[in-house]
Amino acid sequence: MEKNEKKLPERAGAQILKEGMKPRTLFYFSGVLVLILYHIGYDLSFGDVVSSYGNVLKRGSEYFPKDGNILEAIYNFTVFHYNQWSSRNVIEAVLIIVGRLPAVCWRILDIGMAVLMGYCLDCLVQIKDQKVKYLSIFSFLMMYPVVAMRSAGWIATTMNYSWVAATGLYVYLNIQRIRKGEQISKLSYVLALLAALYAMNQEQMCGFLLLILGMFLVKDLWDKKLKKAVLPFFVLNLAEFIWILTCPGNAFRKYGETVAYYPIYEDYSLIQKVYEGICSLLKGLFDVRGGILITLTCLLLLGYLVFKNKSSVFMKVTAVIPVIYVVVKCVNEKFQILTGLEGINGFLMDYRSSKRAAVLGCLMLACIFLTCYYVTRKLEEQMMFLGILGAASATKAVLGFSLAFLVSGERTSIFLTFTLILSALFLMEKNEDLFAFMAKKKCMLLLAVLNLGLLIWNCYSIANDRII
């Protein structure tokens, strides 16, 4: 009897260890550790929260009279910003509350939002090999340049972009579950609607989800499989879209930024604005300071699928050229940064500075879409896949119609970047021989080494930003 009692803790410990070594457990545990490590390096002493948003709920501020209450302060701030600055009133209401709380509250919430991203990708991607699935998702997330979220201060930038990406993914996940006829709890449905209210308040995500929901509605109506539970999301999306378009603060802010930063923009023609938007898209895909590693990984994946299918020489060339372009452009830009020399000019210059560079970038973009069309030609979801990629591209191209292409930096690429990640994982899911190849020990070891290098690089970037 005593021997059995002694063995019970041993068995429990062995069971816990066994559970802890499962790929899914390791994915979430490692992810949280990495996020905590990142947060240790975040410098919260600068940014929009420190200079403005964090002071809104201080009693005696211009929005919070000494005899007033918090709700009155939030209302005063929202009305002023709606008329003078921005339509992101839902996001900013949350921002001024979180900005007033101790920093540890934002840190916990931010880690939670990052975990939500991982959870959504976990649920959306159905790769059979669990090791390949979770290591692939983890690797893609590690490739994201986290310092893109510090441009307006870590708190303000994350709440306007990475939190929007996380809640947008959660909305997409639940809509897909509803469309497939899966049962979701009332709590999940309410949370998805609240997530939609938050995510759709951001202009890029609002347009992105409106395009996606529009495609879903058209397809489901055509197939006579429309689920009524999806309609509230579409109505909310449309309402937020109208709210954004009619907000006087957006026009006021655009005019103020034009005068302050780029007066000649006021005289831009439609063609010039489209050009700026396309340049913003190309920069988001191919710029060495952005998500170029994710772009390159997606291109290598597409190339593998093209060559695996014994395609024509034309398709092989179409798949390889963008890879060569990205590598040469990356080497050229790094050469310029390290040496201060000009490097290769002309076709590899900044897109806004050189029309030849922009034309070449557009040709590479066309090659990518053509390759995507080819590798998905046998899939039922082909047009939806291409449509979502097109909608993601539009989130960057539309920036030409405001000064966001000039003043907002790399943070506006996050929605395009995560669409690329989800698209790459989708292609892996549909091609079993690919993740069979990735399951080999050498490939797994290579990914592990890559993740370690990315961790060191991201920590260095965060620390370097802190020093600056």
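For the range 100-131, a residue qualifies if it is of a type outside the set (A, V, I, L, M) and over 30 Å from V56 (Cβ atoms), and the qualifying residues are G118, Y119, C120, D122, C123, Q126, K128, D129, Q130, K131.
Could you tell me whether A148 is in contact with a Phe, Trp or Tyr (Cβ under 7 Å, 6 or more places away or on another chain), modelled with pLDDT under 95 and open to solvent by less than 20 Å² (accessible area, probe 1.4 Å)? Taking the combined requirement at face value, the residue does not satisfy it. Of all residue pairs spaced 6 or more apart or on separate chains, those with beta-carbon atoms under 8 Å, a first member in the range 231-242 that is more than 9 Å from M200 (Cα to Cα) and touching a residue at least 12 places away in the same chain (Cβ under 8 Å) and a second member that is part of a helix (DSSP H, G or I) and of a type outside the set (A, V, I, L, M) are F234/G214.
This table checks each residue for (1) under 24 Å from D287 (Cβ atoms); (2) under 12 Å from the mean Cα position of the chain (by Cα); (3) hydrophobic (A, V, I, L, M, F, W, C).
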{"residue": "Q126", "(1), (2), (3)": "no, no, no"}
{"residue": "L141", "(1), (2), (3)": "yes, yes, yes"}
{"residue": "I155", "(1), (2), (3)": "no, no, yes"}
{"residue": "R177", "(1), (2), (3)": "no, no, no"}
{"residue": "S185", "(1), (2), (3)": "no, no, no"}
{"residue": "A192", "(1), (2), (3)": "no, no, yes"}
{"residue": "M200", "(1), (2), (3)": "no, no, yes"}
{"residue": "E203", "(1), (2), (3)": "yes, no, no"}
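Tally the residues that are farther than 29 Å from L403 by Cβ, at pLDDT 85 or above and open to solvent by 40 Å² or more (accessible area, probe 1.4 Å), restricting the search to the range 322-360. Of the residues in that region, 3 qualify. Among residues of the range 416-438 that are more than 14 Å from F140 (Cα to Cα), those with a Cβ under 9 angstrom from a residue that is of a type in the set (A, V, I, L, M) and not in a helix (DSSP H, G or I), sequence gap 6+ or separate chain, pair up as E429/V125; E429/I127; K430/L379; E432/I127; F435/I127. Does I212 qualify as being over 28 Å from L399 (Cα atoms), among the β-branched types (V, I, T), touching a residue at least 24 places away in the same chain (Cβ under 8 Å) and in contact with a helix residue (DSSP H, G or I) (Cβ under 7 Å, 6 or more places away or on another chain)? Criteria not met by I212. For the range 129-139, the criterion of a residue being surrounded by 21 or more Cβ atoms within 10 Å (Cβ to Cβ), of a type in the set (S, T, Y) and on the phi < 0 side of the Ramachandran plot is satisfied by at least one position.
When Y268 is tested against (1) in contact (Cβ under 8 Å) with a residue 12 or more places away in the chain; (2) more than 30 Å from Q176 (Cα to Cα); (3) buried (at least 16 other Cβ atoms within 10 Å of the Cβ); (4) not β-branched (V, I, T), exactly one condition is not met: (1). Based on what the data block shows, is D43 within 27 Å of A114 (Cβ to Cβ), surrounded by 15 or more Cβ atoms within 10 Å (Cβ to Cβ) and at pLDDT below 85? Spelling it out, it is not the case that D43 is within 27 Å of A114 (Cβ to Cβ), surrounded by 15 or more Cβ atoms within 10 Å (Cβ to Cβ) and at pLDDT below 85. So, of the residues in the range 70-94 that are open to solvent by 30 Å² or more (accessible area, probe 1.4 Å) and in contact with a Leu (Cβ under 7 Å, 6 or more places away or on another chain), which turns out to be farthest from E203 (Cα to Cα)? Looking at residues that are open to solvent by 30 Å² or more (accessible area, probe 1.4 Å) and in contact with a Leu (Cβ under 7 Å, 6 or more places away or on another chain), I get I70.
Yes/no matrix, rows are residues, columns are (1) assigned to a helix (DSSP H, G or I); (2) over 21 Å from S311 (Cβ atoms):
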{"position": "R356", "(1), (2)": "yes, yes"}
{"position": "L365", "(1), (2)": "yes, no"}
{"position": "Y373", "(1), (2)": "yes, no"}
{"position": "L379", "(1), (2)": "no, no"}
{"position": "G387", "(1), (2)": "yes, yes"}
{"position": "A392", "(1), (2)": "yes, yes"}
{"position": "T412", "(1), (2)": "yes, yes"}
{"position": "L427", "(1), (2)": "yes, no"}
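Looking across L238, L211, L194, one residue alone is in contact with a Gly (Cβ under 8 Å, 6 or more places away or on another chain), open to solvent by 70 Å² or more (accessible area, probe 1.4 Å) and within 28 Å of S413 (Cβ to Cβ). It is L211.
Residue check: L305 meets all listed conditions (1) modelled with pLDDT under 95; (2) in contact with a Pro (Cβ under 8 Å, 6 or more places away or on another chain) but one, namely (2).
Given the structure, is I97 modelled with pLDDT of 85 or more, in contact with a His (Cβ under 8 Å, 6 or more places away or on another chain) and either closer than 30 Å to R253 by Cβ or open to solvent by less than 90 Å² (accessible area, probe 1.4 Å) (or both)? Against the criterion (modelled with pLDDT of 85 or more, in contact with a His (Cβ under 8 Å, 6 or more places away or on another chain) and either closer than 30 Å to R253 by Cβ or open to solvent by less than 90 Å² (accessible area, probe 1.4 Å) (or both)), I97 does not qualify.
When the range 151-176 is filtered for residues that are among the hydrophobic types (A, V, I, L, M, F, W, C), open to solvent by 10 Å² or more (accessible area, probe 1.4 Å) and touching a Cys at 6+ places or on another chain (Cβ under 8 Å), only L169 remains.
If you check C247 against the conditions, is it closer than 22 Å to A199 by Cβ, within 26 Å of the chain's Cα centre (by Cα) and touching a residue at least 60 places away in the same chain (Cβ under 8 Å)? Yes, satisfied. Whenever a residue of the range 293-317 is within 22 Å of G453 (Cβ to Cβ), its partners that are outside any helix (DSSP H, G or I), lying with C-beta atoms within less than 8 angstrom and at least six residues away or across chains, give the pairs I294/Y144.
The values are calculated or read from the model by the stated rules, or taken from the named source; none is laboratory data. The shown structure was predicted, so the numbers you read here are calculated from the model rather than taken from an experiment. Ideal geometry is used to build each Cβ from the backbone, glycine not excepted, and the neighbour counts take in all protein chains shown. These accessible areas exclude ligands, DNA and RNA; they are computed on the full protein's heavy atoms, side chains included. Shrake-Rupley method; radii C 1.70, N 1.55, O 1.52, S 1.80 Å.
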